Amino acid sequence: MAAANGAYVGRTGPSHARGVLFSIPSSPALILTGLAMFLVLFAVMPLLLLLWRSLQDRDGIFVGLANYASFFSQPIAAEVIWNTIFVAVVSTIITVGVALFFALAIAHTCVPFKNFFRSIALLPLLTPSLLSAMALTQLFGNQGYLNDLMMGQSIYGPIGIVTGMSIAHFPHVFIILSAALALSDARLFEAARALRASPLRIFFTVTLPSMKYGLVSAAIASFTLCVTDFGIPKVIGGQYSMLATEIYKQVVGQQNFQLGSVISILMLIPAAFAFIIDRRVRRFQAAALTSKAVPFMPRPNRLRDGAALVLCILVAVVMLAMICVPGYASFIKFWPYNMELTLRNYEFHRFAGGGWQSYFNSLKLAFLTATIGTTVIFVGAYLSEKSPAPAWLRSAYHMLAIFPLAVPGLVLGLSYVFFLNDPANPLEVFYGTMTVLVISTIVHYFTVSHLTAVTALRQLDNEFELVSDSLKVSRLRTFFVVTLPLCTPAILDIWIYLFLSGMTTVSAAVFLYSHNTALASIAVINMDDAGEYAAAAAMAMVIVGTCIAARCLHLLATRGVTRRSQAWKAR
C-alpha cells in the first residue's frame, strides 16, 4: 500500500504542484494586469497626450480650445468636414447597395461558380487599399485607356475617391452581409410563398427585415472605413481635401502639430459614434437569434439566376481589373507613351521609396506583428475568459481590448509621435524603430483579433478547466493539451489577419517609419507622389503576390493542422 501510494504521489505530485501554482488567482491576474497595462500604455495614453497637445500652443502653453476655434474660423474647416462626410455617405450607399445584391446572389440564388465569385470579391483584402485608386488613375486618368468615358469629368477628386473606396471596402461589407444572410430562416420564406406574396414583396417584408441589423453594421463599418481611409484620397484625391489628408498635410507638410492634433480629435468623433451604435446593434442582433431557424435553400429560377450571374460577373471583372491593370502597368516602360514590356520597374533601388529593403521591412513587420500579436492577444483572451482572475479585471481588460476599434489608424500613428517624442518618456528610444511599428500595428488591429479569439474560446465549455482542477491537473497543461488544439483554426486566422494587415498597413505607419524602417506600402505612396507610377504599381504587386502566397499557405496549414488536432470531429 505504501509503495502504491508512493508511486501515486510520485506520478501526480509535480503536476499537482504546477496546478496549484497556475490556479492561484494572483498568477493569471498578474499576467492579465500586465496585458491591460500594455493597452493602457500604447492605446489610451498616446490618445490622452494627443488630446492634451490639441489644447496647447507651439510652445507647450495651455490655451484651452483656442486651437479648435482657430481651425473652425478657417474656411477650409467646413469644406474638409463636408467633403469627408459627403464621400463617406455616398460611398457607403453604393458599397452597401452593391454588396447587398451580390450577397443575395451568392446566398439566395442558384448562380453557378459561387466559390469562385466569393473568392474574387474578397481579393481587395489581400491588397493595399490604395491599389484601387492606382488602377482607376491608370484607367480613367489624364492618360488612361478609358479616359473618354469620363465625359470631361476628372477622376482626381470625389468621383475617384468614392469609386476607389467603394471597391476597396466592398469585401468588408460583403462579409458582414453574408453573415447576416446566413441566418435567414427558410420558414419565413415558405410562409410568404404560401400566402402568394410576390418576390418583390418577399424582399421588402422578409429578406430586409431579417437582416436589418447586418445592414446597419455594414453601413457603420463602411462609413467608418471611409472617414478614416488615407491611402485612396492621397493617391486619387487631387485637391479635394478630407480629414485624413488634411492631418497629413498639416503635420508633414506644414509641421503644424497643434492643428493636426485638433483634426485628429475631430476624426475620432464619427469613428467613436459609429462604434457605439455598432455595439448597440450587435447586442440586439444577438438577442434576435433563434435555435429553431431552418437554413434557407434557394430554388432555381432562370430569370433571377441569370440576373444574379450578370451581377457576379460585373463585380468579378471590376475586382480583377483593380489588380490586373496595375499588374500590367508594372511591366510597362513609360505609361502610356512607351508600352514596351520591361522588368526595370522592379529594380526598386532606382526609385524613391527605399528600394527592396522597404519590402523586406514590411515582411519583417508582418511576421513579427502576426507572431507576437497572436501570442499576446490569444493569451489575453484566454485569461479574460477562462482564468480565475477577478471579474472586474477581466471586464476591464475586455473593454481595453475593444477600445482600439474606435481609433483611426492615422490618429493612432500621430498620437505615437507625441507620446514617444516626449523627453520625459523613457520609451523615446523606440521612436523610428521596428519595435514601435510592430507595437502600433498590433494595437491598431487588436480588437478584431481579440474578438476572434474570444468567440473561439466561448465555444469551449468551462467544464474543461473545472475537470482539470478536480483531477489536480495543471491548467497550463490543460491549456496546451485541450484548449490550444481546439482553438488552432482561430489562432491561424488571427495570425494571417495580422500578417496581411502588417503587409498592407499605411495609416498608422505613415508617421512612424524612419529611413531604416521604410515600408513597402509607404514606398508605394512615395513613388506615386514622385510620379513613378509604374514602380509604385510594381511594389504594390509585390505586396499583393506576398499576401496571396501567405493566404494560400494559411489555407494549407489550416487544413493540415485541423486534420490532426481536430480528428475527433470526424465521423
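The values are calculated or read from the model by the stated rules, or taken from the named source; none is laboratory data. A quick note: this is a predicted structure, and the numbers were derived from the prediction, not measured. Cβ atoms come from the backbone with ideal geometry, glycine included; neighbour counts cover every protein chain shown.
Remarks
- Scanning the stretch 181-201 for residues that are surrounded by 14 or more Cβ atoms within 10 Å (Cβ to Cβ) and either at pLDDT 75 or above or not in a helix (DSSP H, G or I) (or both) yields 181, 183, 184, 185, 197.
- Every pair of residues 6+ apart whose Cβ atoms lie under 7 Å, when the first sits in the stretch 53-65 and is within 17 Å of residue 255 (Cα to Cα) while the second is surrounded by 10 or more Cβ atoms within 10 Å (Cβ to Cβ) and among the acidic types (Asp, Glu): none
- Per-region count, the stretch 126-143, residues farther than 30 Å from residue 552 by Cα and either in the same structural domain as residue 499 (by TED's automatic domain parsing) or in contact with a Phe, Trp or Tyr (Cβ under 9 Å, 6 or more places away or on another chain) (or both): 3
- Taken over the stretch 321-351, the criterion of being assigned to a helix (DSSP H, G or I), touching a residue at least 24 places away in the same chain (Cβ under 8 Å) and more than 17 Å from residue 543 (Cβ to Cβ) is satisfied by 321, 350.
- The requirement of being of a type in the set (A, V, I, L, M), modelled with pLDDT of 85 or more and on the phi < 0 side of the Ramachandran plot is satisfied by residue 225.
- All conditions in (1) surrounded by 15 or more Cβ atoms within 10 Å (Cβ to Cβ); (2) outside the structural domain of residue 525 (by TED's automatic domain parsing) hold for residue 54, with the sole exception of (2).
- Within the stretch 136-173, if we keep just the residues that are of a type in the set (Val, Ile, Thr) and closer than 27 Å to residue 118 by Cβ, the residue that is modelled with the lowest pLDDT turns out to be 173.
- Qualifying residue in the stretch 202-214 (condition: modelled with pLDDT of 85 or more, in the same structural domain as residue 88 (by TED's automatic domain parsing) and under 22 Å from the mean Cα position of the chain (by Cα)): no
- Residue tally, condition under 16 Å from residue 245 (Cβ atoms) and in contact with a helix residue (DSSP H, G or I) (Cβ under 9 Å, 6 or more places away or on another chain), over the stretch 79-101: 9
- Failed criterion for residue 120 (all others in (1) at pLDDT 90 or above; (2) closer than 21 Å to residue 550 by Cα; (3) more than 21 Å from the chain's Cα centre (by Cα); (4) not small (Gly, Ala, Ser) hold): (3)
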